[in-house]
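Q: Got a structure here, written out as structure tokens. Questions coming.
All of the numbers you see were taken from the coordinates with simple rules; none came from a lab. Everything numeric in this text was worked out from a predicted model, so none of it was measured. Heads up, the Cβs are rebuilt from the backbone with ideal geometry, glycines too, and the neighbour counts pull from every protein chain shown.
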Amino acid sequence: MEKVKVAILGSGNIGTDLMIKLGRSETLELTTVIGIDPESEGLKRAKALGYQTFTNGIEDFLNHPDLADIVFDATSAKAHIRHAKKLKAIGKQVLDLTPAAVGPFVVPPVNIEEHLNADNINLITCGGQATIPIVHAIQRVQQVEYAEIVATISSRSAGPGTRANIDEFTQTTAKGIEKIGGAKKGKAIIILNPAEPPIIMRDTVYAFVEGANVEEEEITLSIKEMVKRVQSYVPGYRLRQDPIYDGNQVTVFLEVEGAGDYLQKYSGNLDIMTAASVKVAEEWAKHKLAKTSIS
Amino acid sequence: MENKRDVRITEVALRDGSHAIAHQFTIEHVTNIAKALDQANVPYIEVSHGDGLGGSSLQYGLSLTNEMELIEAAASVVTNAKIAVLLLPGIGTMNELKQAAKLGAKMARVATHVTEADVAPQHIALAKELGMETVGFLMMSHMVPPNKLVEQAKLMESYGADTVYVVDSAGALLPEEVRERIRALKEELTINVGFHGHNNLSLAMANTLIAIEEGATRIDGSIRCLGAGAGNTQTEVLVAVLDKLGIKTGIDIYKMMDIAEDLVAPILEKPQEITKDGLVLGYAGVYSSFLLHAQRAAKKFGIDSRDILLELGKRKVVGGQEDMIVDVAADIAKSKAHAQV
């Protein structure tokens, strides 16, 4: 099968995890890894695996634009704003794994179809990727008046970026719950738990639905169908209990175990971000290849 | 009077007490109590949802009255007292802190789990920028040894906190454990050290006295024990005890007794006492505000609330993880059903 070429910007933990995931893809061909520290483990590994590596950031890639059509940006929000402009100018499709949110929010099982031709999309937050599918699954059965999510992650999987910008997490996730999940009002809470051995990412979704009767069976079916869809790209995504109903309130407990590619298995929060971005890129690639074969 | 205080007390009933009454404070409650506390010369009065700004949620319980209205009401009736607000990064944000400051809050208490101080620098910096007195509040301090506590307290100090608190959120610390923690902080820090106790093991008063003996100068109390779990160090009693010890708080004992009796007692559905669940909180080292949630979950799933709390302690659940209560309760109910088959 023909593949679409991709590059990774950023050679940290996320970039390295992407490297492993992309190595398995049937539609994407990783060609290039771009970093700024030639001594970084990510770049060394990329070189050893035979990928083209650049060590002075995006500049060298801009001189070799044919190396990739799709670029994953796993740097920082600040750097992404700069990268986004430059990559747009040379016509690349970009997946933004930073909180920069230059492009529209995408949660693959909810709204990927609307953004198949986007030049830049943002993956919201890990909590958003884990919970917005559930909010949407409830919403498509019955209007959600209010949805609230609580993401609990192991302290070990919360990097300095997350810690320094913790408000960004709650605010961006809440926005995603409303815009993509469809809830009239959204709220997000994040808790860091330092327990050893580290806990697997957990997410709780509370939703208040409108109406005199709650379509319990239909909502549960819809949630379970959605869980399967997310599992197609995050196999460790699962319900901890069947949804619990209490009046108009639906409560859903989730657990996200990572694939353990490069990141630890407990870091389901990081894994769901890299996995979702690969999923979006694969959809883009299929779309591109379909377009080419028609024309 | 201001400059004659050896220990500065923060009255937390209008925040911590929110847990005990399922976040049902009204403007009338807050106005009357804050006004009377100010007249009794209490220097700091904390007002917020029990889980801090932005805490009104399905996870923690919805507030009957918007906390911003409560903060505004409290700020409008005090003359000398400063209104304090609690903020847990991850739950509340800088937006709410700005709003509270605008409404008259003068002290920001930024709370993190005892190992996670590094989520707080932005919030502390903002509080300073807003001209607020700033406290770093290290919750669940019983979960780490003193050296770790010192490391995290130093982070709070480096972010600009004026005070750092040892917070015994689970009411689990024993007196000697309080002593070694406060002593370690006094040795290593230049800023004020504070102590916030819970009375789950009936040790809040003893622990508070030891904290003061070791040099803590900022102390939390809840009048009539109106706080999470079995409540905190009972403020009016503490003021009397400190007076007998010759330690000046500047607070009027008689007025405090009246507030406790006439204004606070009527709010409580039943008097605060150490119930079996409260005791288990302290015994298992579980966050005090889990109390009512665990009782509700126990009822829903037909199991013993103590089993839920003990299991939560085993799983090393931290403050804010209220969603674990129902999850654990469902697990226990399932395994019980299995056992019966």
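Q: Using Cα pairs under 8 angstrom and six or more residues apart, how large is the relative contact order of segment B:26-108, in percent?
A: 37 percent
Q: Let me ask you something else. Write down the percent of antiparallel bridges among all DSSP beta bridges whose residues are both part of segment A:126-264, to the nearest 5.
A: Bridges in segment A:126-264 that DSSP calls antiparallel: roughly 70 percent.
Q: Cα axis of helix B:175-188 to longest principal axis of chain B: angle in degrees, 0 to 90, nearest 10?
A: Helix B:175-188 sits roughly 50 degrees off the main axis of chain B.
Q: Further question: Where the only charges are on Cβ atoms (+1 Lys, Arg; -1 Asp, Glu), what is the dipole of chain A about its Cα centre, to the nearest 20 debye?
A: For this selection, approximately 620 debye.
Q: Specify which residue in the list B:I45, B:P145, B:P266 is farthest towards the positive end of the charge dipole of the protein assembly as shown, using unit charges on the beta carbon of Lys, Arg (+1) and Asp, Glu (-1), about the Cα centre.
A: B:P145
Q: So, one more: Across segment A:139-146, in residue order, what do the Karplus-derived ³J(HN,Hα) couplings come to in whole Hz, using 6.51 cos²θ - 1.76 cosθ + 1.60 with θ = phi - 60° and x for Gly and Pro?
A: 4, 6, 9, 8, 3, 8, 7, 8
Q: A follow-up question, please. In a shell of Cβ-Cβ distance under 15 Å around A:V6, excluding A:V6 itself, what net charge do Lys and Arg (+1) and Asp and Glu (-1) give?
A: -3
Q: Taking a ≥ b ≥ c as the square roots of the Cα gyration tensor eigenvalues, with a/c under 1.5 meaning rounded and otherwise prolate when a/b beats b/c, else oblate, which class fits segment B:276-340?
A: Prolate shape, in that a/c is at least 1.5 and a/b is the bigger ratio.
Q: So, one more: Mind checking which of A:A212, A:Y245, A:I180 is farthest towards the positive end of segment A:126-264's charge dipole, using Cβ charges of +1 (Lys, Arg) and -1 (Asp, Glu) about the Cα centre?
A: A:I180
Q: What's the magnitude of the charge dipole for chain B around its Cα centre, counting Lys and Arg as +1 and Asp and Glu as -1 at the beta-carbon? Answer in Debye, nearest 20.
A: 280 debye
Q: Moving to a separate point now. What does the charge dipole of segment B:276-340 about its Cα centre add up to, to the nearest 20 debye, if the Cβ of each Lys and Arg holds +1 and the Cβ of each Asp and Glu holds -1?
A: Dipole of segment B:276-340, to the nearest 20 debye: 120 debye.
Q: Take every residue in peptide A:191-201, count the Cβ atoms of other chains within 10 Å of its Cβ, and give the average of those counts.
A: 5
Q: Could I ask something else about it? Tell me, A:M1, B:M140, B:M68 in order of fewest to most beta-carbon neighbours within 10 Å?
A: Neighbour counts put them in this order, fewest first: A:M1, B:M68, B:M140.
Q: Looking at the square roots a ≥ b ≥ c of the eigenvalues of the Cα gyration tensor of the protein assembly as shown, which shape do they give, rounded for a/c under 1.5, prolate if a/b is larger than b/c, or oblate?
A: Cα axes put the protein assembly as shown in the prolate bin.
Q: Pick out, from B:A284, B:I223, B:S63, the residue whose Cα sits farthest towards the positive end of the charge dipole of chain B, with +1 on the Cβ of Lys and Arg and -1 on the Cβ of Asp and Glu.
A: Comparing the listed Cα positions along the dipole, B:A284 ranks first.
Q: Tell me, in nm to one decimal, what length is gained between A:N248 and A:Q143 on full extension, where the rule is 0.36 nm per residue of separation less the Cα-Cα distance?
A: 36.7 nm
Q: Calculate the mean, over all residues of peptide B:320-331, of how many other protein chain Cβ atoms lie within 10 angstrom of the residue's Cβ.
A: What the average comes to for B:320-331 is 5.
Q: Right, next: On average, how many beta carbons from a partner chain sit within 10 Å of the beta carbon of a residue in A:141-151?
A: Per residue, the average neighbour count from other chains is 2.
Q: Would you work out the relative contact order for segment B:190-341, in percent, from Cα pairs under 8 angstrom that are 6 or more residues apart?
A: 19 percent
Q: Counting other Cβ atoms within 10 Å of each Cβ, which trypsin sites (Lys or Arg not before Pro) in segment B:1-35 have at most 13 and sit in a DSSP loop?
A: none
Q: Here is a follow-up. Expressed as a rounded percentage, what relative contact order does chain A have, with Cα pairs under 8 Å and six or more residues apart?
A: The value is 18 percent.
Q: Given points 7 Å out from each Cα along the Cα-Cβ axis, report the B:E188 to A:L116 separation in nanometres with one decimal.
A: 5.8 nm
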